[in-house]
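In what follows, a structure is listed as structure tokens, so that the remarks can point back to it.
The values are calculated or read from the model by the stated rules, or taken from the named source; none is laboratory data. On a predicted model such as this, the values are computed, not experimentally measured, just so you know. With ideal geometry, Cβ positions are generated from the backbone for all residues, glycine too; neighbour counts draw on all protein chains shown.
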Amino acid sequence: MKSGDTPELLSCDDCDTLAVGTGPVTCCGAAMTPTASVDAVAEPELEDLLGDVFEMSDTELEVCLCVMEGGTMTVNELADRIDRDRSVVARHLNHLAALGVVGKRRRLIEDGGHVYVYRPVEPDVVRRRLTAAFGTWVRGATEQLAALRREKVASIANVDGDPAWTLFRDEG
């Protein structure tokens, strides 16, 4: 994806498959068409997206931005800089490293032992990694919706059992 291209939600007119893309995307031998937006669904705010999809708290975002602005640092250096507990910073850095938005490397200490240092990752690389992770999340969310649909259809077909509307009310 080129910088500046805005992805669109597309659907296949033949099989109802959905895709997100920035150019011609095909399915069933034909170009997929843009889907209409649903007014009942609000556009996500960045903070909500980071929290809901990537489980990134405000503190974690602060840690990430501090590494991006401050360069390579150890947990202790970063904890001192943002005035947070070392264990909290270490936990957040490990999560950010797992997401691929900060780099993590082990550095040997002259007197023996080692320390982990965290470094910024290029913004374009971060965007690509978060986009890939978001795609994984969307696939899982789509599977959850498909399962919901199958459960509803199965419950409707089972007219001898409990009424279908109670299936979802009683789960909570």
Revision key, fill the gap. Within the stretch 112-123, residues closer than 22 Å to Glu47 by Cβ and either loosely packed, with under 13 Cβ neighbours inside 10 Å or among the acidic types (Asp, Glu) (or both) come out as Pro123
Exercise for review: Can you work out which of the residues in the stretch 79-99 that are buried (at least 16 other Cβ atoms within 10 Å of the Cβ) and touching a Lys or Arg at 6+ places or on another chain (Cβ under 8 Å) is nearest to Leu50 (Cα to Cα)?
Suggested key: Leu99
Check your understanding: Which of the residues that make up the stretch 38-70 are among the small types (Gly, Ala, Ser) and surrounded by 11 or more Cβ atoms within 10 Å (Cβ to Cβ)?
Key -> Gly51, Ser57, Gly70
Exercise for review: Answer with yes or no whether Thr26 is polar (S, T, N, Q), in contact (Cβ under 8 Å) with a residue 12 or more places away in the chain and surrounded by 11 or more Cβ atoms within 10 Å (Cβ to Cβ).
Suggested key: no
**Study point:** Conditions (1) surrounded by fewer than 14 Cβ atoms within 10 Å (Cβ to Cβ); (2) aliphatic (A, V, I, L, M); (3) modelled with pLDDT under 80; number of the one not met by Ala164
**Key:** (1)
Check your understanding: Quick one: Arg105 ticks every box in (1) over 30 Å from Thr74 (Cβ atoms); (2) modelled with pLDDT of 90 or more; (3) not polar (S, T, N, Q) bar one, so which box is it?
Key -> (1)
